[in-house]
1. Quick one: which residue in I95, I70, I107 is hydrophobic (A, V, I, L, M, F, W, C), closer than 21 Å to E157 by Cα, crowded, with 24+ Cβ neighbours inside 10 Å and in contact (Cβ under 8 Å) with a residue 12 or more places away in the chain?
2. Among A86, A33, which is in contact with a helix residue (DSSP H, G or I) (Cβ under 6 Å, 6 or more places away or on another chain), part of a strand (DSSP E or B) and more than 19 Å from T162 (Cβ to Cβ)?
3. Out of everything in region 136-189 that is in a helix (DSSP H, G or I) and among the small types (G, A, S), what residue ends up being surrounded by the most Cβ atoms within 10 Å (Cβ to Cβ)?
4. Which residue out of L52, L18, L23 is within 17 Å of the chain's Cα centre (by Cα), over 27 Å from P168 (Cα atoms), surrounded by fewer than 24 Cβ atoms within 10 Å (Cβ to Cβ) and hydrophobic (A, V, I, L, M, F, W, C)?
Amino acid sequence: MTKQKLVLVPGLLCDEDLWHDQLSALAPHADVAITMEQTRYPTVSAIAAAILAAAPPQFALAGLSMGGMIAMEIMRQAPQRVMRLALLDTSARGIVDEEHAIRAGRIALVRAGHVDIMLGLQLSRFVPMTRLGDAILIDRALKMMRRVGAATYIRQEQAVMTRSDSRPGLAAIQCPTLVLCGRQDAATPLVLSEEIAAAIPSARLAVVEDCGHLSTMEQPDVVNRALLDWLAM
């Protein structure tokens, strides 16, 4: 049987390592490609268009955080090409003034040379207090964020600040959909995933316990089981 084509979209300050723990589990069931287009363009719509330009005619799509926002924009631009959709630790809401100011403030920190302060702020949002003692996780996350780098981070923040409100289009999504969120996610709290799952008729909500924003790295076995179930939907 021909394997599905699966495109994985990392989030803000994330690279391919965000999905590393999923590759061996998913490989028997899908031809997996991790896109890095989310590092190259200054708007969510442009990132989505670039992913679509490089993707197969039809494919499964999974995105985490900013990657989920991009995935919802892909659903707006070309829903007929996406065979199944997974939205992990993300939000469908558009940018509001308060969030815009917070993101602009973090950009200003980086431009002023305070990259370490920004990384500390982001790490506190990405990893819950209960996991801060996990030295391997913290080291891996920080190394990933440093690899992305300051210039790309600024471009990503600017792109996130251009995103549209995806909620009006959620009810039109018809493909099998997984919505997954860590119970302790402080960056995109569970209520945001509950909102998405309630709006998509085909959605199944999976809540990952003892887990924050980086669910694929924090609880890979649980996430892998959810993704495999989703691929079989």
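What follows draws every value from the coordinates through simple rules; no lab data is involved. What you are looking at is a predicted structure, and each value in this text was computed from that prediction instead of being measured. Here the Cβ positions follow ideal geometry from the backbone for every residue, glycine too, while neighbour counts run over all protein chains shown.
1. Details: I95 fails: crowded, with 24+ Cβ neighbours inside 10 Å; I107 fails: crowded, with 24+ Cβ neighbours inside 10 Å.
Answer to the check: I70.
2. Just a single option satisfies the conditions, and that option is A86.
3. If we take residues in region 136-189 being in a helix (DSSP H, G or I) and among the small types (G, A, S), then A141 is surrounded by the most Cβ atoms within 10 Å (Cβ to Cβ).
4. L23
Residue by residue, here is whether (1) closer than 15 Å to V207 by Cβ; (2) touching a Phe, Trp or Tyr at 6+ places or on another chain (Cβ under 8 Å); (3) among the polar types (S, T, N, Q) holds:
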residue: I136; (1), (2), (3): no, no, no
residue: L142; (1), (2), (3): no, no, no
residue: V148; (1), (2), (3): no, no, no
residue: I154; (1), (2), (3): no, no, no
residue: S164; (1), (2), (3): no, no, yes
residue: P168; (1), (2), (3): no, no, no
residue: A172; (1), (2), (3): no, no, no
residue: R183; (1), (2), (3): yes, no, no
